[in-house]
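J.: This structure is in C-alpha cells; I'll ask about it shortly.
The values are calculated or read from the model by the stated rules, or taken from the named source; none is laboratory data. Remember, predicted model here, so these are calculated numbers, not experimental data. Virtual Cβ from ideal backbone geometry, glycine too; neighbours counted across all protein chains shown.
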Amino acid sequence: MRVRMAPSPTGPLHIGTARTSLYNFLTARHAGGTYVLRIEDTDTARSTLEFERDIIDNLHWLGITWDEGPQAADGDDIGPFAPYRQSLRMELYATEADRLLASGAAYRCWCTPEELEAVRKAQEALKQPPRYNRRCLNLTDAERAAFEADGRKPVIRFKVEPEVIRFDDLVRGEVEFDNSLLGDFVIVRNDGMPLYHFVVVVDDEAMEISHVIRGEDHLSNTPKHIALIRALGYREPRFGHIPLILNADRSKMSKRKSQTAMSAYREQGYLPEAMVNFLAFLGWSPGTEEEIFSLDELADRFEIDKVHKGGAIFDRDRLDHLNGVYIRALADEQLALRLRDFVPAAVADEDLVRMVPLVKERLVKLGDVPELIGFAWEPDDVVAGWYEPADLAPRKGGPEEARAALEGARDTLAALDPADFSAEVLEQRCRAAAEAAGMKAGDFFSPIRMAITGRPISPPLFASLELLGRERSLARIDDALGKLGAVRA
Ligand code: GLU
C-alpha cells in the first residue's frame, strides 16, 4: 500500500487537510504501507514557501511523519520518486501531455476567454449545461496556422468520452458519474502550466500510489481522473473520499466563518495529542465508548473503510474536553515544559513548576494560563489595576466588611513566621481570624482573593498566598486597603 498527501501550499495547514493527512498516515501505518508527501505547487501565483513551511511544520507538530517527500520546507526530498514538488516535475507532465495529444485523447484549443464566454452565454440562454463546444476539436491545419499567425497560444483540452464511470469508493461504496455531462476540460494552460486534474493523475501513477484518500470535495473530480487514467493507460488506484468537516450548524467550515488554520489552535495551547485524538474522531469511531487514543493506538485500530459517510461536526467543546484530559494526564514538570511558551520568559522554570498544581485542574488550553495565574508574575500595581474598590466587597457586605477582612488578613499574615507561610497554616490561621472578626469564612476570604489575584475567581486562595510569599501578599493587601481608603476620602 502506498498512500499520499498532496497539499497545495496556497494557505496555512487547514484543519481538514490535517485530518486528511492523519487518515492517510493512519491507513499507511495500519497496513505497514508507505506514506508520501507531495507538494502540489503548480498554482505558482498562490503557492508560497511560507505556507509550505506552515504545512510541514504543523503536520510534524501533530506527530504525523511520512516516508517519502520533503521533510522540511527548504530541505531535500527523500525517496525514490524525487522530486516530490510538482513545480520540479514539469518535464514529466509535458511528456505525458504529448502522449495524450499524439493518441488523440487531448487536443489544442485556441478559443479566447471572450469566445468561451459567448458560448457559455448562448448555452445558458438555451438552458443547456455549460460545457466546451469542441470548436477546436477538428480544426484544419490552415485554421490552426491562422490562429498561430494571430499570436494566439493554445491550451490543451482533454477529450472526455461520453461514458458512465463507476468506482468502488473505500468510504462511500459504489459511486457512479455520467461523464457525458462533462465538457472537455483544460489540462495545460496556454502558458504551458499543467493543471491539477492532470498532474495529480500523472504523479499518482509515477509515485505508484495505490490508495487515494482525500476530502469529499474531490469526489466529483474523480470521474475526470479516472478518464485521464484510462486514456494514459495507467493503473487505477482505489479511491476513498472522507466526509467534510462541518460547523455545529452543519454549514461548511470556511476560512472566513471558522477558525481553520491549525497554527491558530496550536497558538491557543491545544496539545498535539489532544488534537490528533480529536481529528481522528471527526468521521471515524472505534465502535466502542473509548475516547482516549494515542497515535500508535489509533494506527492500530483505524480502518479507512470504517470512516463514516456523513459530514463530521466540529465540536469545539469536545476538543476542549479532550485537551483538558490530556493536560491533567501530564506530570507537573511535563506540563510546565508545555506551558513555557505561554508564560513570560522572566518567570523562572522552577517558579513555573510551582504554579502548575494551582492551574492544572482548571486549565482548558495552555494559552489560558496567564488569565488563571498571571497574578503570580504581574507587578503588584498591575494586579491592583484589575479591580475597582467596590469589587473588594464580599457578596454579603460592603467596604466595611472588606476592610475588616483585609485588616484581619494583614495581621494574620504579618504575625506568621516566613517559614510557616504554607497553604495549610495560612488556611488554619485565616479561618481563625474570620471567626475572631465574626465573619463567615467565604465573606472573609473574598476580599483577600481580590487583593491577591485581582480576580473574583482564582486558583485555591491559600496556595496562591503561599506561591506569592509573605512580603508580596502583604503588599497587595496594603494596596487593596489603600484603594478602599481612596473610596472613603
Ligand atoms: N492539491 C490538492 C488539494 O490540495 C490535492 C487533492 C488530492 O488529494 O488529490 O486539495
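J.: Is it true that residue 413 is under 15 Å from residue 465 (Cβ atoms), surrounded by 17 or more Cβ atoms within 10 Å (Cβ to Cβ) and either in contact with a His (Cβ under 8 Å, 6 or more places away or on another chain) or not β-branched (Val, Ile, Thr) (or both)?
T.: Considered against the rule, which asks whether it is under 15 Å from residue 465 (Cβ atoms), surrounded by 17 or more Cβ atoms within 10 Å (Cβ to Cβ) and either in contact with a His (Cβ under 8 Å, 6 or more places away or on another chain) or not β-branched (Val, Ile, Thr) (or both), residue 413 comes out as yes.
For (1) closer than 17 Å to residue 380 by Cβ; (2) among the charged types (D, E, K, R), each residue gets a yes or a no:
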| position | (1), (2) |
| --- | --- |
| 414 | yes, no |
| 424 | no, yes |
| 433 | no, no |
| 436 | no, no |
| 442 | no, no |
| 450 | yes, no |
| 456 | no, no |
| 460 | no, no |
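J.: May I pose another question? Looking at region 113-130, can you tell me whether even one residue there is part of a loop (DSSP other than H, G, I, E, B), modelled with pLDDT of 95 or more and within 41 Å of the chain's Cα centre (by Cα)?
T.: For region 113-130, residues part of a loop (DSSP other than H, G, I, E, B), modelled with pLDDT of 95 or more and within 41 Å of the chain's Cα centre (by Cα): absent.
J.: Suppose we filter region 184-205 for residues that are more than 14 Å from the ligand (Cβ to nearest atom) and under 15 Å from residue 228 (Cα atoms); how many remain?
T.: Count: 5.
J.: A follow-up question, please. Could you list, in sequence order, all residues of region 208-227 that are in contact (Cβ under 8 Å) with a residue 60 or more places away in the chain, within 12 Å of the ligand (Cβ to nearest atom) and of a type in the set (A, V, I, L, M, F, W, C)?
T.: 209, 212, 213
J.: Scan region 211-226 for residues that are out of contact with any Asp or Glu (no Cβ under 7 Å at 6 or more places or on another chain), among the hydrophobic types (A, V, I, L, M, F, W, C) and part of a strand (DSSP E or B) and jot them down.
T.: Scanning region 211-226 gives a single hit, 213.
J.: Let me ask something else. Give region 22-45 a look and list any residue that's among the polar types (S, T, N, Q) and within 11 Å of the ligand (Cβ to nearest atom), or say none.
T.: Matches in region 22-45: 24, 42.
J.: In this structure, does residue 310 turn out to be small (Gly, Ala, Ser), within 16 Å of the ligand (Cβ to nearest atom) and not in a helix (DSSP H, G or I)?
T.: So residue 310 fails the test.
J.: Report, by residue number, each residue of region 383-403 that is free of Cβ contacts under 8 Å to residues at least 40 places away in the same chain and either among the polar types (S, T, N, Q) or in a helix (DSSP H, G or I) (or both).
T.: 400 - this is the single residue of region 383-403 that is free of Cβ contacts under 8 Å to residues at least 40 places away in the same chain and either among the polar types (S, T, N, Q) or in a helix (DSSP H, G or I) (or both).
J.: With among the aliphatic types (A, V, I, L, M), over 34 Å from the mean Cα position of the chain (by Cα) and not in a loop (DSSP other than H, G, I, E, B) as the only criterion, which of 156, 187 stands out?
T.: 156 is the lone residue from the list that is among the aliphatic types (A, V, I, L, M), over 34 Å from the mean Cα position of the chain (by Cα) and not in a loop (DSSP other than H, G, I, E, B).
J.: Could you go through region 46-54 and let me know if any residue there is away from the ligand (no atom under 16 Å from the Cβ), touching a residue at least 24 places away in the same chain (Cβ under 8 Å) and aliphatic (A, V, I, L, M).
T.: So far as region 46-54 goes, yes, one or more of its residues are away from the ligand (no atom under 16 Å from the Cβ), touching a residue at least 24 places away in the same chain (Cβ under 8 Å) and aliphatic (A, V, I, L, M).
J.: Restricting to region 85-112, and then to whatever is without any contact (Cβ under 8 Å) to a residue 60 or more places away in the chain and assigned to a loop (DSSP other than H, G, I, E, B), can you tell me which residue is surrounded by the fewest Cβ atoms within 10 Å (Cβ to Cβ)?
T.: 104
J.: When the residues of region 226-245 are narrowed to those that are among the small types (Gly, Ala, Ser) and over 27 Å from the mean Cα position of the chain (by Cα), which ends up surrounded by the fewest Cβ atoms within 10 Å (Cβ to Cβ)?
T.: If we take residues in region 226-245 being among the small types (Gly, Ala, Ser) and over 27 Å from the mean Cα position of the chain (by Cα), then 233 is surrounded by the fewest Cβ atoms within 10 Å (Cβ to Cβ).
J.: Considering 4, 19, which residue is buried (at least 24 other Cβ atoms within 10 Å of the Cβ), of a type in the set (D, E, K, R) and within 11 Å of the ligand (Cβ to nearest atom)?
T.: Criteria check complete, one pass: 4.
J.: Just to check your reading of the model, which residue among 434, 390, 423 is over 30 Å from residue 353 (Cβ atoms) and surrounded by 15 or more Cβ atoms within 10 Å (Cβ to Cβ)?
T.: Matching residue, one of 434, 390, 423: 434.
J.: Further question: Please state which one of 208, 236 is on the phi > 0 side of the Ramachandran plot, assigned to a loop (DSSP other than H, G, I, E, B) and of a type in the set (Asp, Glu).
T.: From the options 208, 236, the qualifying one is 208.
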